[in-house]
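Right, one structure below, let's go through it.
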Amino acid sequence: MYLAFLLPLVFALFALIKKKVTIPGIIAAYLMGVIITFIGGIYAFVALAGTFVLTILSDKLKKSKNDETRTLWQIICNVFVATLTLVFFRIYKNDGYLALYYAVIASSLADTLASSIGSLSKKKPINIKTFKRASTGESGAISLLGIGASLVGGLFIGGVGFLYFKSFYILLVIAFLGLFGSLVDSFLGATIQGKFKCVVCKKNIEEKVHCGKSAKLIYGLSFVDNNIVNLLNNIFVFMLGYIILI
């Protein structure tokens, strides 16, 4: 039981020292890490820790190197649904919810790797909605390299799940749902995520404020940013995973 409190603490301290997450974000991540490890066991923690480590490493691969410090809201959008699946597992004693936890984590990792590694593609990505060439790093843009990275991320988390379930079927379902989540994330990014134009430099951006001024909404919903897209992505994976696994 004490490992459930100590193991997440290691990563919380690392994030604190490296300033990768804000203080409120670290507290939330630690608490959810404790819940995940206490309920899901060591393999559930390994999946979470592996996602954290690979996210930090993949950040260094991005062509646009902005060393982002993640906030409380970002942590909630990326980890809350996965944590909730384990709460359901605890309540209903159904292993399907445990497998669903790995699937949601897989979708988060798959999307992260698609974005980071996909940015290294020599060819311009394609908008998943219009199938036209898009700018590297643009929400809704996909590439073969990014899709391959998504699949690798899903297989990695599926492999961790396999250590518990000893089932290739579960491994493949987790990998599939991870890839599915990554594609859903891209589709939502291309359709409902807010796109803006800076009123100063006239660049098309995804931030509400640029060059110190409020930007003009040109497409999508103003309140839907990448964090909301990540949350919706996890919810969609949960819903499809529920149909398959529960």
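So which residues in segment 187-216 are open to solvent by less than 20 Å² (accessible area, probe 1.4 Å), more than 16 Å from the chain's Cα centre (by Cα), under 22 Å from Asn78 (Cα atoms) and among the hydrophobic types (A, V, I, L, M, F, W, C), if there are any at all? Scanning segment 187-216 gives a single hit, Ala190. Pairing residues of segment 1-25 that are over 12 Å from Ile75 (Cβ atoms) with residues that are of a type in the set (D, E, K, R), at Cβ distances under 9 Å and at least 6 apart in sequence or on separate chains, gives Phe14/Lys20; Lys19/Asp67.
Residue-level check: of (1) crowded, with 23+ Cβ neighbours inside 10 Å; (2) under 25 Å from Ile75 (Cβ atoms), Val184 misses just (1).
One line per residue, one yes/no per condition, for (1) of a type outside the set (Gly, Ala, Ser); (2) assigned to a helix (DSSP H, G or I); (3) closer than 16 Å to Val104 by Cβ:
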| residue | (1), (2), (3) |
| --- | --- |
| Gly153 | no, yes, yes |
| Phe156 | yes, yes, yes |
| Val173 | yes, yes, yes |
| Leu179 | yes, yes, yes |
| Phe187 | yes, yes, no |
| Glu207 | yes, no, no |
| Val229 | yes, yes, yes |
| Gly241 | no, yes, yes |
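Please enumerate the residues belonging to segment 7-20 that are part of a loop (DSSP other than H, G, I, E, B) and either in contact with a Phe, Trp or Tyr (Cβ under 6 Å, 6 or more places away or on another chain) or open to solvent by 70 Å² or more (accessible area, probe 1.4 Å) (or both). Lys19, the sole residue that qualifies. Tallying residues that are closer than 12 Å to Ser182 by Cα, in a helix (DSSP H, G or I) and among the aliphatic types (A, V, I, L, M) within segment 128-151 yields 3. Screening Gly33 with (1) farther than 29 Å from Tyr92 by Cβ; (2) buried (at least 19 other Cβ atoms within 10 Å of the Cβ) gives one miss only, at (1). Confirm whether Ile23 is hydrophobic (A, V, I, L, M, F, W, C), surrounded by fewer than 18 Cβ atoms within 10 Å (Cβ to Cβ) and at pLDDT 90 or above. Yes; evaluated as a whole, the condition is true for this residue.
Among the residues of segment 121-143, are any at pLDDT 90 or above and of a type in the set (Gly, Ala, Ser)? Among the residues of segment 121-143, at least one is at pLDDT 90 or above and of a type in the set (Gly, Ala, Ser), which makes the answer yes.
The values are calculated or read from the model by the stated rules, or taken from the named source; none is laboratory data. Here the structure is a predicted model, which is why all the values come from computation and not from measurement. Because the Cβ atoms are built from the backbone with ideal geometry, glycine has one as well, and the counts that use them run over all protein chains shown. Protein only, heavy atoms only, side chains kept; ligands, DNA and RNA dropped before computing areas. Shrake-Rupley method; radii C 1.70, N 1.55, O 1.52, S 1.80 Å.
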